[in-house]
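Just so it is clear, none of the values below were taken in a lab; they were calculated from the coordinates. Bear in mind that the values here come from a model prediction, so they are computed numbers and not experimental data. Every residue, glycine among them, receives a Cβ derived from its backbone with ideal geometry; neighbour counts consider all protein chains shown.
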């Protein structure tokens, strides 16, 4: 698979050969669903908590005597049916993460990359560097390219000027090749890979 390489000023910079083993996978929505669920579950902090009857700050005195009032039998006001009482079967702090085989995670990343290429939403950039950290200049270049929602994946080291210029742009997300993941690829309309990122992803997923 041969794809053209472009520059930030819309010039052609040659072509690059993409590995079919990484960018030629058939679409598997079930695999993508599993990987996205695994990613989002790991992001959950799991700190939600409600108080039990023993944790409510209130008196434990019996509300009124057991018999003779004609009313229902009740103990302390911390019972779940009273306002200010405990929450029955409420959430407790826990880890929401679950395991997913490494082969499935690697396959999911390959399928995500392949789906962008199949949809014509994959762009290969020669390099993501700027001489000055100017957000205005980068925003103008992206507007000419038509990149309103893009994930840009660079090599191991991201250019500092480019990172500073892009961090205030709403429609652009910047990641190193080691941070490439299925969720961020799918949530953005366009996937932009630098030439070095392509080679590193192919080595990682080969």
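Here r is the Cβ-Cβ distance between residue 28 and residue 2 and R0 is 25 Å; the resulting FRET efficiency, rounded to 0.05, is 0.55. In the chain, helical runs assigned H by DSSP with n ≥ 4 each contribute -39500 (n - 2.57); averaged across all residues and rounded to the nearest 500, the mean residue ellipticity at 222 nm is -10000 deg cm²/dmol. In this rough spin-label picture, where each label sits 7 Å from Cα along the Cβ direction, the residue 149-residue 119 distance is 0.9 nm. With a Förster radius of 25 Å applied to the C-beta separation of residue 16 and residue 161, the computed FRET efficiency comes to 0.55. Label sites at residue 43 and residue 206, each approximated as a point 7 angstrom past Cα along Cα to Cβ, lie 3.2 nm apart.
Extension gain, residue 9-residue 170: 0.36 nm per intervening residue step, less the Cα-Cα distance, totals 55.9 nm.
DSSP beta bridges fully contained in the chain are about 20 percent antiparallel.
In the stretch 76-100, which residues have a backbone nitrogen under 14 Å from the label point lying 7 Å from residue 50's Cα in the Cα-to-Cβ direction? Zone members listed by number: 79-93. Counting other Cβ atoms within 10 Å as a rough exposure proxy, the listed residues 105, 187 run 187, 105 from fewest neighbours to most. Among the listed options (i) 32; (ii) 41; (iii) 47, the one matching percent of Cα pairs over 28 Å apart as calculated from these coordinates is (iii).
Compute the long axis of helix 135-145 from its Cα atoms, compare it with the longest principal axis of the Cα atoms of the chain, and write down the angle in degrees, 0 to 90, nearest 10. Computed tilt is about 70 degrees. Between 0 and 90 degrees, the angle of helix 195-205 with respect to the longest Cα principal axis of the chain falls at about 60 degrees. Would you give the gap between the C-alpha center of the stretch 116-189 and the C-alpha center of the stretch 52-69, rounded to a whole Å? Between the Cα centre of the stretch 116-189 and that of the stretch 52-69, the gap is 61 Å.
Cβ-Cβ distance of residue 64 and residue 96, R₀ of 30 Å, FRET efficiency by 1/(1 + (r/R0)^6): the value works out to about 0.10.
The packing ranking of peptides 173-182, 9-18, highest mean first, is 173-182, 9-18, where packing means the average number of other beta carbon atoms within 10 angstrom of each residue. Give me the percent relative contact order of the stretch 50-90, please, defined on Cα pairs under 8 angstrom at least 6 residues apart. Once normalised by length, the contact order is 48 percent.
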